Amino acid sequence: MSAVFRISYAVVFFVLLIFAWIGWSMYGYIFDTSCPVLVINGIDDGGYYAGDIQATLQGKDDYKVSDLSVWLDGKLIINKFKVNRKEFEHQLPVPTKSLANGKHALKVELIDGAYSKNRLECELTFFVDNTPLQAAFIKSDAEYKVFQGRTLHLQIQVSKEIKTARVNILAREYDFFPESTSSKIYEVFIPISCEEGTTEYPFTIDIMDKTGATMALHGKFQVIPYPFKKQVLTFNTEHIKKQEEDAIDDSVLQQELCELVKKSPAQKLFNGEFYIPMEMTRVSCDYGMKRVTQEKGCYMHKAIDLAGIPRTVIWAPQDGIVIIKNKYKSSGNTVVIDHGLGIFTLLFHLDSFANINVGDKIRRGSPVGKMGMTGYATGYHLHWEMRINNIHVDPVQWTKLDF
């Protein structure tokens, strides 16, 4: 093959490549209908930010991206910036320090270079929060004293709405929640067991706002010894055996409570003080009473027993959701109400139930049943119990206006 022929062959091949490339480009220009693809890095839809944001726009198109436009809160800040590439990366600084705190909108538009000018619009909202995170106790450390078996109520004031506040106390963690809707006062109820040691304990509150800024508060509280009384009881064994015939084993109730506390709403379902759940004539057994019986031996009665007219109406002490309505061997006819945040009211020994069902929302003062003596009971009375994360606390404390 002569040199001239080889050169001619190469020229023809090169020309064919050029025409093929032009043809493919024209085909893409005329027939491409796919929209460009865009990824926005450094700023998330619904995210909260403090300080300036350095966002990055990454886009591509099967043909090529022609123009890029950006709007911030409806104002055009980049107008048809020429890209003319299949793939690109563009830096987009967002000066949040010059923006007002609150909600903002970012819109990005890409137009490809095809004949049909395929268009992609991407919109997201974000929030600016340049308010410094500050928090303080509502009360001073000196006021944090609590009896055994009672509830420690902590409150903090914050400078703005926060993402989380969590207290590490007594080797456990508890989440704070707003005192009311949109309130900047956050609170937590911490159960103090009857058996808790009487000494001073430290605690730490870790706070995080929605931008990720953090701070901590440190405090201490004192557990004060309570002089629990003693009581010796004798039960009618025949009555107890009869009550157990069609009742569910007590272990089932405890298992149900352990599972239900995990599903308790992470919000406060109540507001204000609790009602005493019946018209009582006397307290037949104080909270924390050290009881001695022939069946159970010596144990602590972690509830309060109220006496009154037999079959008197029992009502819900506060708003909540009915989570248990059943009969158990020891507690008899039982109703449990979830007030949110793992705070439960337990009402035992009911003679009968009101027209309520599991899952019903119930209001403070609504009837749940009538006082009885079903289960492990010596006579007509109401066993009124409260638990926070399945730790027993004195319910009477919750009826006080200053709690």
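The values are calculated or read from the model by the stated rules, or taken from the named source; none is laboratory data. A quick note: this is a predicted structure, and the numbers were derived from the prediction, not measured. Cβ atoms come from the backbone with ideal geometry, glycine included; neighbour counts cover every protein chain shown. Protein only, heavy atoms only, side chains kept; ligands, DNA and RNA dropped before computing areas. Shrake-Rupley method; radii C 1.70, N 1.55, O 1.52, S 1.80 Å.
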Residue under evaluation SER183, criteria (1) part of a strand (DSSP E or B); (2) open to solvent by 20 Å² or more (accessible area, probe 1.4 Å); (3) without any contact (Cβ under 8 Å) to a residue 40 or more places away in the chain; (4) not acidic (Asp, Glu), criterion not met
(1)
Since ASP394 meets every condition but one in (1) over 32 Å from the mean Cα position of the chain (by Cα); (2) surrounded by 15 or more Cβ atoms within 10 Å (Cβ to Cβ), which condition does it not meet?
(1)
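Does the range 49-63 contain at least one residue that is on the phi > 0 side of the Ramachandran plot and free of Cβ contacts under 8 Å to residues at least 60 places away in the same chain? If you could, list the steps in order and put the result at the bottom.
Residues of the range 49-63 on the phi > 0 side of the Ramachandran plot: 51.
Cutting the leftovers down to free of Cβ contacts under 8 Å to residues at least 60 places away in the same chain gives us none.
There is no residue in the range 49-63 that is on the phi > 0 side of the Ramachandran plot and free of Cβ contacts under 8 Å to residues at least 60 places away in the same chain.
Can you give me the number of residues within the range 77-119 that are more than 26 Å from TYR49 (Cα to Cα) and either among the small types (Gly, Ala, Ser) or in contact with a Pro (Cβ under 6 Å, 6 or more places away or on another chain) (or both)? Spell out how you get there, then give the answer.
The first filter runs over the range 77-119 and keeps only residues more than 26 Å from TYR49 (Cα to Cα), leaving 80-87, 111-119.
Restricting the remaining residues to those that are either among the small types (Gly, Ala, Ser) or in contact with a Pro (Cβ under 6 Å, 6 or more places away or on another chain) (or both) gives 112-114, 116.
So the count comes out to 4.
Could you tell me whether PHE189 is under 30 Å from ILE53 (Cβ atoms) and either among the aliphatic types (A, V, I, L, M) or out of contact with any Asp or Glu (no Cβ under 6 Å at 6 or more places or on another chain) (or both)?
Details: under 30 Å from ILE53 (Cβ atoms): no; either among the aliphatic types (A, V, I, L, M) or out of contact with any Asp or Glu (no Cβ under 6 Å at 6 or more places or on another chain) (or both): yes.
No: the conditions fail for PHE189.
Report the residue count in the range 312-330 for those that are farther than 21 Å from ASP249 by Cβ and out of contact with any Ser or Thr (no Cβ under 8 Å at 6 or more places or on another chain).
6
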Given (1) in contact with a helix residue (DSSP H, G or I) (Cβ under 6 Å, 6 or more places away or on another chain); (2) in a strand (DSSP E or B), SER330 misses just (2)
Show the residue pairs that are 6+ apart or on different chains and have beta-carbon atoms under 6 Å apart, the first residue being within the range 135-151 and at positive phi, the second being open to solvent by less than 20 Å² (accessible area, probe 1.4 Å) and in a loop (DSSP other than H, G, I, E, B).
GLY149/CYS194; GLY149/GLY288; GLY149/ASP394
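Is it true that ASP351 is among the acidic types (Asp, Glu), open to solvent by 20 Å² or more (accessible area, probe 1.4 Å) and not in a strand (DSSP E or B)? Step through it out loud before you land on a result.
Working: among the acidic types (Asp, Glu): yes; open to solvent by 20 Å² or more (accessible area, probe 1.4 Å): yes; not in a strand (DSSP E or B): no.
Judged against the criteria, ASP351 is not a match.
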Kindly list, by first and then second residue, each pair from a residue in the range 284-297 that is on the phi < 0 side of the Ramachandran plot to a residue that is at pLDDT 90 or above and open to solvent by 30 Å² or more (accessible area, probe 1.4 Å), limited to pairs with Cβ atoms under 8 Å and residues at least 6 apart or on different chains.
TYR287/LYS302; TYR287/VAL396
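When the range 192-211 is examined, which residues are found to be assigned to a loop (DSSP other than H, G, I, E, B) and either touching a Cys at 6+ places or on another chain (Cβ under 7 Å) or in contact (Cβ under 8 Å) with a residue 40 or more places away in the chain (or both)?
Here is the first cut: in the range 192-211, the residues assigned to a loop (DSSP other than H, G, I, E, B) are 192-199, 210-211.
The answer is ILE192, SER193, CYS194, GLU195, GLU196, THR198, LYS210, THR211.
Take the range 273-319 and flag every residue that is part of a strand (DSSP E or B) and touching a Pro at 6+ places or on another chain (Cβ under 9 Å). So that I can check it myself, show each step before the final result.
Filtering the range 273-319 for residues part of a strand (DSSP E or B) gives 282-285, 289-293, 297-301, 304-307, 313-315.
Across the range 273-319, the qualifying residues are ILE304, LEU306, VAL313, ILE314, TRP315.
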Considering ASN101, ASN84, ASN79, which residue is out of contact with any helix residue (DSSP H, G or I) (no Cβ under 9 Å at 6 or more places or on another chain) and at positive phi?
ASN84
